[in-house]
Amino acid sequence: MPDRRHPRKGEDFERFFRAQLPGLVSLCRRVTGSQASAEDVAAEALARCYASWPRVGVMDNSAGWVTRVALNLIIDGHRRQARAPRVRLGPPAPVDDPAEVVGSTQGLVTLLGALPRRQREAVALRYLADLSEQQVATAMGLSVGTVKSHLHKAMAKLRTTHGIEGLEVGNLGA
């Protein structure tokens with residue numbers, strides 16, 4: 001993987017790649033529910049990272065950047081699937097416990113897809129990637145207060161618009 005134009009670029013990225021790949025695949029698997037999809041998304045995110053390595057490699061939080069790219073790829077893929085024509089066989093089955101929707105990976109991706117972009121990113125980075133509020137703020141280029149505001153509004157919207165009364169932070173990504 002060495003880059004002849006920038007000899008250190010390949011070495012630095014290779015160390016970063018080896019350190020980030022296992023955790024990134026694990027996170028993507030939690031979100032997508034599929035090992036194959038998780039590996040595809042992680043590979044694409046890391047490929048984009050490599051393409052931008054001169055800029056990304058000097059960031060304070062390169063890992064946050066690649067995580068954000070991976071989560072955006074998952075959400076974008078879900079949107080494309082949601083827009084694809086489908087055959088409906090009947091109304092969706094009622095859910096006895098709306099909190100179960102959050103427990104299912106597909107349900108969680110659907111719920112996150114309904115949030116505004118910044119709220120969705122904040123929730124995914126904070127609760128799925130398990131980053132601290134400070135790390136989320138750094139990854140998103142926002143202040144900690146703004147991140148807290150996005151998280152609060154996102155959780156309130158999920159509770160009210162989806163009727164999920166018992167939704168707590170601990171329920172996400174479990």
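In plain terms, the chain from Glu133 to Lys157 could stretch by 6.7 nm, reckoned as 0.36 nm per residue minus the Cα-Cα distance.
Mean separation of Cα pairs under 8 Å and 6+ residues apart, divided by the residue count of the stretch 14-64: what relative contact order is that in percent? Write down the numbers at each step before the final one.
On the way: 23 pairs, mean separation 13.6, N = 51.
27 percent.
Summary of packing: across the peptides 123-131, 37-45, 11-19, the per-residue average of other C-beta atoms within 10 Å ranks them, highest first, as 123-131, 37-45, 11-19.
Label sites at Leu21 and Ser52, each approximated as a point 7 angstrom past Cα along Cα to Cβ, lie 2.2 nm apart.
As a proxy for reagent exposure, ranking His152, His78 by other Cβ atoms within 10 Å from fewest up yields His152, His78.
Coordinate-derived values only; no laboratory data. Please read these numbers as outputs of a predicted model, since none were measured by experiment. Using ideal geometry, Cβ is built from the backbone for each residue, glycine included, and neighbour counts are taken over all protein chains shown.
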